[in-house]
1. To one decimal place, what orientation-averaged projected area in nm² is obtained for the convex hull of the Cα set of the range 302-459?
2. Take the solvent-accessible surface of the protein heavy atoms, probe 1.4 Å, and return the percent of it on the range 273-371 that carbon and sulfur atoms account for.
3. Out of every Cα-Cα pair in the range 336-426, what percent are more than 22 Å apart?
4. Straight-line reach from LYS565: which lysines have a Cα under 18 Å away, not including same-chain ones fewer than 8 places off?
5. In nm², what is the average projected area of the convex hull enclosing the Cα atoms of the range 735-783?
6. Over the chain, give the accessible area per residue in Å² for a 1.4 Å probe, as an integer.
7. Set the Förster radius R0 to 35 Å, insert the Cβ-Cβ distance between GLN462 and ASN561 as r into 1/(1 + (r/R0)^6), and round the FRET efficiency to 0.05.
8. Mind putting a number on the dipole of the range 448-598 about its Cα centre? Charges go on the C-beta only, +1 for Lys and Arg and -1 for Asp and Glu, and I need it in Debye to the nearest 20.
Amino acid sequence: MQNKFKWRFIAAVSLVLVLCLTLVVQAGRLTLTQGDELLTASANKMLRTVSVDGARGDILDVNGIPLAYDQTSYDVQMLRDPTKNTFTDRAYYTDVLTRATGIIEQNGGKVIDTFAIVRDDAGNFSFDFGNISAEAAVNREANWRTNMFVSGSAAPSVIYQDLRDRYRIPESMSYTDARGMLSIWQEIQLSSYRAYEPVTIAKNVDSVTVAILEEYSNVLEGIQVSSSTERIYPKGDVAAHIIGYTGRMDEESIDAMLDKGYTQDDTLGVAGIESSMEEYMTGDITGRQGSTTYEVNSLGKAIKEVGSEPATKGDSVMLTVDLSLQMVVEKALKDNIDAVYQDQLSKYYEDKEKIDEQLNGRAINLAKSGAMVVFDVKTGNILAMASYPSYDLNLFSGGITDADYKALLDDPATPLFNKAIASKGIPGSIFKMVTGLAGLEEGKITLDTEISDGGPFNKYIQEGSGEEGPACWIDPYFEEHQNLNIVTALQKSCNYFFFTVADSLGIDLLDAWGEKLGLTKKTGVELPGEVAGQIGGAKALFDIDLSLGDQKTALPTIVYNSIVKYLNNIAEERDVTYSEETIAGTANLLVQLADKRTTLNGPDVRRILFEQMDVPTEVSSRKGYDNDISNYISELVWKLNDTVIAGIGSGITAVTPIGVARYVAALVNGGTVYEAHVVDRILDPKGNVVEQRQPTVANQLNADQDYLDAIKQGMKDVVSGEDGTATSDFEDWQYKDAIGGKTGTGVVSAGVELEDNAWFVAFAPFDDPEIVVVTYIPNGAAGSNAIPSVKTVIQYYLDKKYGVSNYDVPDPNSVLPVPTETAAPPEGTAEPSGN
């Protein structure tokens, strides 16, 4: 019996030993052969890597002076423990956030304001997702409701109150403070899927705020401070329309940006160079991002930083713009517009009763804005470009307030609008060089052709109608414009001469030469929002292949609206009710009759009225409906007399300041039409040239040099010749013999001369032109009114060229460069007049 027990005991012990040995072997195998693999897997479960954006590249002037750069700043962030989600926890965090935001705001900081629900002055709540389409807003709201776990049908006011309750925001807290608190909770909730990443609750706080938050860190759970960057625009409003600004991405661009590595919270360029050169300057795209790796606990909360990879700064953009020249241009333009406006006010009140009668109840439009361009004739580079009024770019750093943005949008002078590239104006006589060169090149006139002013151009006026054709500005002293050739016609700006030339050319050739000179095409400048001008012709007046909103002018829309109003009057007169769709459809069909290019539309009008509105044809004829509607339609039919006035830059002709600068440059540089450039080069973070922009030829005129010389001489005589249209403005000016120029008065509203557009274009030096300067003042009354700013800028440019004055590079707080020493003027140049 004992032997049996003994053997059983030995067997049991042996089995235990075998099992132990097996465990030891297995443990050894795991340790020796899979240890690294298991250790890595364990580590991966405990680490989280967060991408870090690189700094944005700088924007520099042509001399390397910074115009925009990123500056290190400090942001306040909230990192909430995602497991603490009870009512008590939320009340606790709301209390923490209340203390933190109090510290931030007491020291001048601002808490984020992103909450999607807003309350108006009347106390009504609504969703506001910014300036996005209605369709995008619907999608954004649906996603927001889902992510915020609120009802898909609850009213905004109900949601607002429910969220205040959910996050334990005291009733005693004001709407403004509660909105800030809800903005933070919103961002926490929307980023809850990456709970290990903190949410920014305030940007660019000062060092005092940082110190206080650090001091109270033991009672402010989850509050932390991190370094960030803020976009700085050291010159404020200088070159604002060139530089642009950054902002949060809109709904339409989110998907595309996320694919490139951006996050939804990243900013990107919205206007100017910040927008057009985004892909170069951003540090947010994949490939430039760095990373920070954190060790996290089992709940996903970051414990400590364990590693990092530095991010790469974006490329910098060096402009063609010279800051000192830019500042001179902006001040000259502002002073010019202010002076014109004051002069107009005086003239308006001197003759107020008569002018008000001409205005027929509407307010008068006077000079309040304008644009100026300085163009390098040999390269197409923009040396300076101003749009007035401007705005402070720093308003957009860190996000502009609703009040500031609304103020900019509501300003009737449209400060956000770049008038140098995006506004079109009737040019008046600055267009006459197009007509003159076209006439010479097409053989309609020669350099010796002489034309005398014959009074009103009545060739296309029906005899006995009592009407008169367009006449020269010299009216009634037509005898002063006799036996003029191309040079003297430009010098005296004789309308009749260019009426005659335009008539002989026809609108197609006139338009073709405008296109060759670049006036009807974009210049290609590296800025968003540029538009192209137009001259004339049937398609420019009305293009049946385009919608009303896409037409080159607003005239088709005006005619359409007039016809709609007329059709509604017909309905009222006949006591018949039509749907809006019927009226709109009928008006659209009637407008399309303009494509037949005839003023004889009576039968077609009667047919359409009968088919669409059941108006008997005999009624249309007897009541005169067909005749009245035909008169509206005829405004969209190009007539021969329209070609005549197109020859002097009137009618529907409209051009941009930058387009005019390029066109004049082509006239004086031998016939090369350049694309415009405002970017000189791209530099990597180490200062190496990544890309150098080269002059780009858009077209080569191949024009006869004698013809171009005649155009140049005519422009010179405008300024310094006997009885030139600008001679008196340059009398005794030291550089009057060194430039050429042309005035232009674009007629905006017949009879109200104070509302006409003012243009002046000039080039310098005359013998070997380097720059073209263009000033455009909408509603500036007369072309001569635009001369002072051009004169100031050319004075500055030639003073520097000839060493008359040396100028310091402006410091960030200066308004205008200050001459540091004065030398004698170059030989053959008159002493400065002081003008």
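1. Values: hull surface 80.8 nm².
Approximately 20.2 nm², given one-decimal rounding.
2. Values: 2100 of 4760 Å².
Here it works out to 44 percent.
3. Details: 2031 of 4095 pairs.
Result: 50 percent of Cα pairs exceed 22 Å.
4. Partners found: LYS623.
5. Details: hull surface 13.7 nm².
Average projection, Cα convex hull of the range 735-783: 3.4 nm².
6. Details: 39490 Å² over 835 residues.
That works out to 47 Å² per residue.
7. 0.75
8. Numbers: 11 positive and 24 negative charges, 71 e Å.
For this selection, approximately 340 debye.
The values are calculated or read from the model by the stated rules, or taken from the named source; none is laboratory data. Because the structure is predicted, anything quoted here is derived from the model rather than measured. Please note: Cβ atoms are built from the backbone with ideal geometry, for glycine as well, and neighbour counts cover all protein chains shown. Heavy atoms of the whole protein, side chains included, go into the accessibility calculation; ligands, DNA and RNA do not. Shrake-Rupley method; radii C 1.70, N 1.55, O 1.52, S 1.80 Å.
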